[in-house]
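Participant: Structure provided below as structure tokens; questions to follow.
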Amino acid sequence: MHAKPAELWRLIERDPVAADRLLWMMVASYGLSLVAFLRLAGLGLSSAFRFTVLDSLPFAIATVFGGAILFYLLRLVAVVRPSSPFASIRRDAVRLFRAPQPMLPVLWLLLLMAMFTSVFSAWKAMIPQLQPFAWDPFFAELDRRLHGGMDPWRYTHAVFSHAAATWFINVLYHLWFFVMHFSVIWVASQRGNAQLRLQYLISFFLSWIIAGTVFAVWFSSAGPCYFDRVTLLASPYADLMQLLQSQNAQYPVWALQVQEMLWTNHIHGGGGVTSAISAMPSMHVGTSFLLVMLAHRYGSLRGLLCAAAFFISILVGSIHLGWHYAVDGYAAVLIVLPIWWIAGCLATYRLRHLDDEGVKQDRR
């Protein structure tokens, strides 16, 4: 399809959510603020652009659009269930190639998601440079005070004591990556309830900006699994890590390998998400809680129960696997709650403004 940018944008504007300029303005301002900061830190414009975009954008595009393809295939197999999946895939591919216009709003929202993910990865990789890890002892002590003088992980391992339970929690925790992307893909591909869809996307972006960047820099911490490495103190989590190692000998606990990979890349100064370490607040927990809010507003009891179960499993897993202090998860929920409310007000206002503009244009 050969079309001018203005014509493409008119096609995107068919979806009021994709047409809302607030979304791309959030992504653009988030990226420009990082470029400006890097310039103030002495990097040349080309170096700042490379660090902000090129070092992480290919990975972000691959994960977002690869996730979209995986989401399509899973939906095809689990929901649509055609008699001939391959014929259905071929038919959908031909339809998309011949008439891509209906998919443009979805592709635009996914592109925004990929660009946002790229910028966030760059911001997160910079957290230790902006603010050295300093809050781990405080959060470790706060955890004990809030949980009866014991580290919260001792409670989770008392309840889920078998190595197979840790394996299952580990699997659910790693599924978060796919669930997070699938949620955005699902919202982007829907056609109804524009207010809820826009509220979720604004909440999603604001959560990563405010909680995942501003608060993460302010309360820079590495998490229980890295306690001794960043504080140079005897770790109160040594027993936890030894227990996970012993369970890993029975059932694979992938978190241990991922933790070592992140630390190695962090030490060697790698860029992007594979070298980013940040504990407070837990964005695993925060974004999982957003799913609960989405399911509650959507009105599906089954969806709400599934989202709540997933949220609880992520909160437990963040503690059980040594990734986070319990307060990291609690703080994420307390930050996300007002963001969700603010995003709802913004979505209502933005869509009402869009409707008013449409009425004015019709009168002309």
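Residues checked against (1) of a type outside the set (Ser, Thr, Tyr); (2) more than 30 Å from SER220 (Cβ to Cβ):
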site: ILE61; (1), (2): yes, no
site: SER83; (1), (2): no, yes
site: ARG91; (1), (2): yes, yes
site: LEU104; (1), (2): yes, yes
site: ILE127; (1), (2): yes, no
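Participant: Looking at (1) within 24 Å of VAL316 (Cβ to Cβ); (2) out of contact with any Phe, Trp or Tyr (no Cβ under 7 Å at 6 or more places or on another chain), which one does GLY192 not meet, given that it meets all the others?
Facilitator: (1)
Participant: If the requirement is being closer than 28 Å to VAL64 by Cβ, in contact with a Lys or Arg (Cβ under 6 Å, 6 or more places away or on another chain) and at pLDDT 90 or above, which of these qualifies: LEU201, LEU196?
Facilitator: LEU196
Participant: Which residue pairs have Cβ atoms closer than 6 Å, lie 6 or more positions apart in sequence or on different chains, and pair a first residue in the stretch 16-40 that is in contact (Cβ under 8 Å) with a residue 60 or more places away in the chain with a second residue that is loosely packed, with under 15 Cβ neighbours inside 10 Å and assigned to a helix (DSSP H, G or I)?
Facilitator: Close Cβ pairs satisfying both conditions: none exist.
Participant: Can you say whether ALA19 is surrounded by 17 or more Cβ atoms within 10 Å (Cβ to Cβ) and modelled with pLDDT of 80 or more, as far as the supplied structure shows?
Facilitator: On the way: surrounded by 17 or more Cβ atoms within 10 Å (Cβ to Cβ): yes; modelled with pLDDT of 80 or more: yes.
Yes: the conditions hold for ALA19.
Participant: I'd like to check something: does the stretch 38-54 contain any residue that is part of a helix (DSSP H, G or I), surrounded by fewer than 17 Cβ atoms within 10 Å (Cβ to Cβ) and modelled with pLDDT of 80 or more?
Facilitator: The answer is no, given that none of the residues of the stretch 38-54 is part of a helix (DSSP H, G or I), surrounded by fewer than 17 Cβ atoms within 10 Å (Cβ to Cβ) and modelled with pLDDT of 80 or more.
Participant: For the stretch 210-227, give me each residue that is in a loop (DSSP other than H, G, I, E, B) and at negative phi.
Facilitator: Residues satisfying the conditions are PHE219, SER220, SER221, ALA222.
Participant: Mind checking which helices (runs of 4 or more DSSP H) fall wholly inside the stretch 98-209 and carry at least 1 residues that are hydrophobic (A, V, I, L, M, F, W, C), crowded, with 21+ Cβ neighbours inside 10 Å and under 20 Å from the mean Cα position of the chain (by Cα)?
Facilitator: Correct list: 104-130, 163-189, 194-206.
Participant: Follow-up. Scanning for something farther than 26 Å from ALA125 by Cα, modelled with pLDDT of 95 or more, of a type outside the set (A, V, I, L, M, F, W, C) and touching a helix residue (DSSP H, G or I) at 6+ places or on another chain (Cβ under 7 Å), does the stretch 292-306 turn up at least one residue?
Facilitator: no
Participant: Run GLY272 past the list (1) of a type in the set (Gly, Ala, Ser); (2) modelled with pLDDT under 95; (3) over 26 Å from LEU57 (Cα atoms) and report the number of the one that doesn't hold.
Facilitator: (3)
Participant: Moving to a separate point now. Looking at LEU244 and the list (1) within 20 Å of the chain's Cα centre (by Cα); (2) at pLDDT 90 or above, which single condition is not satisfied?
Facilitator: (1)
Participant: What tally of residues in the stretch 80-95 results from selecting those that are in a helix (DSSP H, G or I) and surrounded by 12 or more Cβ atoms within 10 Å (Cβ to Cβ)?
Facilitator: The qualifying residues number 6.
Participant: Would the stretch 324-334 turn up any residue that is assigned to a helix (DSSP H, G or I), charged (D, E, K, R) and at pLDDT 85 or above? Break it down stepwise before answering.
Facilitator: Going residue by residue through the stretch 324-334, those that are assigned to a helix (DSSP H, G or I) are 326-334.
Applying the additional criterion that residues be charged (D, E, K, R) yields 328.
Among the residues that remain, those that are also at pLDDT 85 or above are: 328.
Within the stretch 324-334, one or more residues are assigned to a helix (DSSP H, G or I), charged (D, E, K, R) and at pLDDT 85 or above.
Participant: Follow-up question, since we're still on this one. So which residues in the stretch 230-248 are touching a residue at least 12 places away in the same chain (Cβ under 8 Å) and either of a type in the set (D, E, K, R) or in a loop (DSSP other than H, G, I, E, B) (or both), if there are any at all?
Facilitator: LEU233, PRO236, TYR237
Participant: Here's another thing I want to ask about it. From the list SER246, SER282, SER235, exactly one residue is more than 21 Å from SER33 (Cβ to Cβ), surrounded by fewer than 23 Cβ atoms within 10 Å (Cβ to Cβ) and touching an Asp or Glu at 6+ places or on another chain (Cβ under 7 Å). Which is it?
Facilitator: SER235
Participant: Where residues in the stretch 298-345 are free of Cβ contacts under 8 Å to residues at least 40 places away in the same chain and small (Gly, Ala, Ser), which of them is surrounded by the most Cβ atoms within 10 Å (Cβ to Cβ)?
Facilitator: The residue in question is ALA307.
Participant: Which of the residues spanning the stretch 55-73 are at pLDDT 85 or above and surrounded by fewer than 14 Cβ atoms within 10 Å (Cβ to Cβ)?
Facilitator: Result: ALA62, GLY66, ILE69, LEU73.
The values are calculated or read from the model by the stated rules, or taken from the named source; none is laboratory data. Just so we're clear, the structure is a prediction, and the values are computed from it rather than from any experiment. FYI the Cβ positions are ideal-geometry reconstructions off the backbone, even for glycines, and counts take in every protein chain you see.
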